[in-house]
Amino acid sequence: MKGKNLLIPLVSFSEPANVYEGNLLNPMIQNVQKELSLHIDIVVGDMGYISSDHKRKLRQQSQTAVITRVRENMFPPKEYVDHGCPECPEGISLSWDGYDLDTELHRYISPTDHAACRICRLRGSCYQELSINPLTDEHRFGIIPLHTKVAQRLLQQIRPQVERGFRERQKQIISE
């Protein structure tokens, strides 16, 4: 439907409760790409898909972003503990400018409209750009960094809709 963002489950697996769901994600994505000729750009999942190894493999092999929340006991690298995203030497949050599939690096740039940048002591010599490798923290810096508005919107608004879609499909299967 033109102009509509439809969220429908494409594949479902039924496994015993003690089976780790994370091992099902890669084969599911490969099957969808092969059988339906669809590329899966983003997967928004629950904590069952938290493995950084699985996220890294999907990022590198399928160019698929896997976005999940992180557990409370999963701490970010020291340089991102307070703010969650890269900062310039003066403490101004840098803006995410995208992920390069070829170099496998994120590009961060200084905000051009930030008032502090206009009067900064480093103005003119500031590097104004930074690259971050997702291997720094695969959960927080996968294809779509967790601190970004898009990642947060996916987790807060889209994921609940997908969960609702799966519940409805399960009810339908049970009633059949």
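Between region 34-62 and region 87-106, the C-alpha centres lie 22 angstrom from each other. Counting only Cα atoms, the size of region 14-87 along its three principal axes is 44, 30, 16 Å, in decreasing order. By the rule of a C-alpha distance below 16 Å, with chain neighbours fewer than 8 residues away ignored, the aspartates and glutamates paired with residue 55 are 21, 41, 46, 104, 137, 138. Among 141, 75, the sequence by solvent-accessible area, most first, with a 1.4 Å probe is 75, 141. Measuring how big region 24-168 is from its alpha-carbon positions, Rg and Dmax come out at 17.2, 57 Å. Our coupling estimate for region 57-63, obtained by passing each phi through the Karplus curve with A = 6.51, B = -1.76, C = 1.60 and θ = phi - 60°, is 4, 5, 5, 7, 8, 10, 6 Hz, Gly and Pro reported as x. Along each principal axis, taking the top coordinate minus the bottom one, the Cα set of region 61-135 gives 42, 32, 18 Å in descending order.
The values are calculated or read from the model by the stated rules, or taken from the named source; none is laboratory data. In this text, all values refer to a predicted model and were calculated from it rather than measured experimentally. To get the accessible areas, we keep the full protein, side chains included, count just its heavy atoms, and leave off ligands, DNA and RNA. Shrake-Rupley method; radii C 1.70, N 1.55, O 1.52, S 1.80 Å.
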